[in-house]
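Accompanying notes for the structure given below.
The values are calculated or read from the model by the stated rules, or taken from the named source; none is laboratory data. Only a predicted model underlies this, so the values are computations on that prediction, with no experimental measurement involved. Glycine also receives a Cβ, built like all others from the backbone with ideal geometry; neighbour counts cover every protein chain displayed. Surface accessibility is based on the protein's heavy atoms, side chains included, excluding ligands, DNA and RNA. Shrake-Rupley method; radii C 1.70, N 1.55, O 1.52, S 1.80 Å.
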Amino acid sequence: MPASVTVADVVALLDRRYPPHLASDWDAVGLTCGHPDATVTRVLFAVDPVMAVVDEALMLQADLIVTHHPLFLSGVHSVAAVDHKGSVVHTLLTHGIALVGAHTNADHADPGVSD
């Protein structure tokens, strides 16, 4: 039986393919929420971390969402479930789904998503 894959394993794979040091200084890449030791059996890839993507992850029973655009780009003062971003975070955490972003680091990689 193969060893289980964790969120940290997937993040490490993404970091090798799209090194975080390639990200623009204003960007926010990497693990946004979720536990690095959580087991991953299904990954959903998407452009934006919006509730429709979270709903699809729930339907597909995904453990991890990888998006191109980050959920947060500036300082965060609350993740209360009273707006879009807070609702996304609460739903992800409640259902044990991790979120990882690969944005300008994936754009600048060679080859990258722009190729």
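If you take the residues in region 78-115 that are farther than 24 Å from P20 by Cα and touching a Gly at 6+ places or on another chain (Cβ under 6 Å), which one is least open to solvent (accessible area, probe 1.4 Å)?
Checking each candidate, the answer is A80.
Can S24 be described as of a type in the set (S, T, N, Q), open to solvent by 60 Å² or more (accessible area, probe 1.4 Å) and in a loop (DSSP other than H, G, I, E, B)?
For S24, the condition - of a type in the set (S, T, N, Q), open to solvent by 60 Å² or more (accessible area, probe 1.4 Å) and in a loop (DSSP other than H, G, I, E, B) - is not met.
Could you tell me whether G75 is more than 25 Å from T6 (Cβ to Cβ) and either touching a helix residue (DSSP H, G or I) at 6+ places or on another chain (Cβ under 6 Å) or surrounded by 12 or more Cβ atoms within 10 Å (Cβ to Cβ) (or both)?
Answer is no for this residue.
Please work out which one of (1) at pLDDT below 95; (2) assigned to a helix (DSSP H, G or I) is the condition A57 fails and give its number.
Every condition holds for A57 apart from (1).
Return the residues of region 32-50 that are part of a strand (DSSP E or B) and open to solvent by 70 Å² or more (accessible area, probe 1.4 Å); say none if nothing qualifies.
Those that are part of a strand (DSSP E or B) and open to solvent by 70 Å² or more (accessible area, probe 1.4 Å): T39, F45.
Which residues, taken from region 86-115, are part of a helix (DSSP H, G or I), farther than 21 Å from M59 by Cβ and not polar (S, T, N, Q)?
Correct list: G86, A106, D107, H108.
Only one of (1) open to solvent by 80 Å² or more (accessible area, probe 1.4 Å); (2) within 30 Å of P111 (Cα to Cα) is not met by T67, so which one is it?
(1)
Yes/no per residue for (1) at negative phi; (2) within 13 Å of the chain's Cα centre (by Cα); (3) among the polar types (S, T, N, Q):
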site	(1), (2), (3)
R17	yes, no, no
D37	yes, no, no
V43	yes, yes, no
Q61	no, no, yes
L64	yes, yes, no
H69	yes, yes, no
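Going through region 53-64 one residue at a time, which ones are open to solvent by 70 Å² or more (accessible area, probe 1.4 Å) and within 18 Å of S87 (Cα to Cα)?
D55, E56, M59
Quickly run through region 1-51 and pick out the residues that are of a type outside the set (A, V, I, L, M, F, W, C), within 24 Å of T94 (Cα to Cα) and free of Cβ contacts under 8 Å to residues at least 24 places away in the same chain.
Within region 1-51, R42, D48 meet the criteria.
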